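Peer 1: Here it is, the structure in full.
Readers should treat all values here as calculations from the given coordinates under stated rules, not as data from a laboratory. These numbers come from a predicted model, not from an experiment. FYI the Cβ positions are ideal-geometry reconstructions off the backbone, even for glycines, and counts take in every protein chain you see.
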């Protein structure tokens, strides 16, 4: 029988769990196994999680959120030029049954969003 997963860092079971990578990244004993159990439990029972202690600079995180906001602020017609392709790269709009552009099988497929800036 496997050990119960260690608790994740949150004060309310209804909150999205926060998994801390610092113990694992700093090489603490058994941190990999502990983090793996936390992640497994979280994915099987909740489906979402936040991570902290990952070492990604806040400036890079802020820039990614700003780029995302700029992309989503564009008109739908512009975003639709980057329609998701067979490799799941590109824009996938929220579906609305009253918008024929979203339902058309002949809509163009995108090649990704790498060139947006």
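Peer 1: Please enumerate the residues belonging to region 40-78 that are within 18 Å of residue 93 (Cβ to Cβ), more than 17 Å from the chain's Cα centre (by Cα) and surrounded by fewer than 10 Cβ atoms within 10 Å (Cβ to Cβ).
Peer 2: 73, 75, 77
Peer 1: Can you tell me which condition residue 49 does not meet? The list is (1) at positive phi; (2) in contact with a helix residue (DSSP H, G or I) (Cβ under 7 Å, 6 or more places away or on another chain), and all the others hold.
Peer 2: The single condition residue 49 does not satisfy is (1).
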